[in-house]
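Reviewing the structure listed below.
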Amino acid sequence: MQNYVSLLPPEIKKKRLDEKKQARLIRVALVVFVVLLAVYAFLLVSSLFARSELQSLRQERETVEDQAAELAEYEELYEQMSEAEGLVNAAMGRAPKWGEFLGDIGRALDPDIALLDVSAAYNDEEEGSFNMRGWTYTHSNVADMLDRVDTLEQLEDVRTSLSAETAVDERDAVEFDVNADILPGPEFFDPEEGGN
């Protein structure tokens, strides 16, 4: 390894060293300037996109507000209609659909069942009662009939108060008396179906 000795005067050495330092500072300043320029460009582009998105959101909001203003009239009409339906429901009560109810009772009875009396009552307090008296030939016919009547949606608490042997036209028979509670029927206007 060789050692070099500089024969340059110290002023020139110092000047060259200062020039190197100055060149290094210029390079650092240039890098910082480029980084700042890149950050500024990124922020400028981001703000343009944000402004564009903000403008789009403002237009969308205005469109939605216009639609809401158009629908406000319908909302008021809907509220009036709902209020009127509520008044009709209150006035009509929830009486059972008697035609369906009697049809279901008829389908629940075998040809072997003879009815002597049927009564059904329902009042405004949404309470109802059902009674059916008659006769058939066996206790198992009575049990089968009770099972079918118990499945009817309009009735609950189906029970028999009498199931006794008797004679009809000199033939053995079983007399029965069935009671049940009648459930309220549907509202006159069903909110989910939009009416009856």
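For the reader, a short list of remarks on this structure follows.
- Qualifying residue in the range 59-80 (condition: outside any helix (DSSP H, G or I), closer than 30 Å to LEU183 by Cα and not hydrophobic (A, V, I, L, M, F, W, C)): no
- Every residue from the range 55-71 that is among the hydrophobic types (A, V, I, L, M, F, W, C) and either surrounded by 10 or more Cβ atoms within 10 Å (Cβ to Cβ) or in contact (Cβ under 8 Å) with a residue 24 or more places away in the chain (or both): LEU57, VAL64, ALA68, LEU71
- Scanning the range 110-142 for residues that are of a type in the set (A, V, I, L, M), within 20 Å of ALA164 (Cβ to Cβ) and surrounded by fewer than 18 Cβ atoms within 10 Å (Cβ to Cβ) returns ILE113, ALA114, LEU115, LEU116, VAL118.
Bear in mind these aren't lab numbers, they're just calculated from the coordinates by the rules spelled out. Here the structure is a predicted model, which is why all the values come from computation and not from measurement. FYI the Cβ positions are ideal-geometry reconstructions off the backbone, even for glycines, and counts take in every protein chain you see.
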